[in-house]
Amino acid sequence: MKLLSIPSCMLAAGLLAGCAGDYTFNSNLSGKAVNEYFKAGDVALIEKNVAPPRPFNPLAMVDGESCQIFADEPPASAVDARTKMRLAAADAGGNGVMLNNCVEYKDPEGGCLSRVICIGRAIVMEDE
């Protein structure tokens, strides 16, 4: 039994040593791009006719648009429009956005086959 365990240990040590090399990782993603992608997640979406959970100061009106340009793309959605509205609120310095309304255009213009626009107010809520 001892003879089997020695080669096994040597094999395991060799495999672990191979993983300890000085490897580099290159990516086309920068820290700034990752932060930009996730910053909408830092903005709370407050549905229409719902009071914010904490005292707040209003900042600005913001909007977000979802536009289907080509027939083989997914249709415009309120989810995408709300996410873009939250991104606009983050760009305005807000940590929340009070949804006013989302409108789906049945016969859109401006190069979109389908279009949804959401409008809201960017706010800064006090810390908890």
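The values are calculated or read from the model by the stated rules, or taken from the named source; none is laboratory data. These numbers were taken from a predicted model, which means no experiment stands behind them. Note: ideal-geometry Cβ built from the backbone for every residue, glycine included; neighbour counts use all protein chains shown.
Structural remarks
- Qualifying residue in the stretch 37-59 (condition: without any contact (Cβ under 8 Å) to a residue 60 or more places away in the chain, of a type in the set (Ser, Thr, Tyr) and crowded, with 17+ Cβ neighbours inside 10 Å): no
- Of all positions in the stretch 41-58, at least one carries a residue that is in a helix (DSSP H, G or I), at pLDDT below 90 and not hydroxyl-bearing (Ser, Thr, Tyr).
- Checking each residue in the stretch 92-128 for being polar (S, T, N, Q) and surrounded by fewer than 17 Cβ atoms within 10 Å (Cβ to Cβ) picks out 100, 101.
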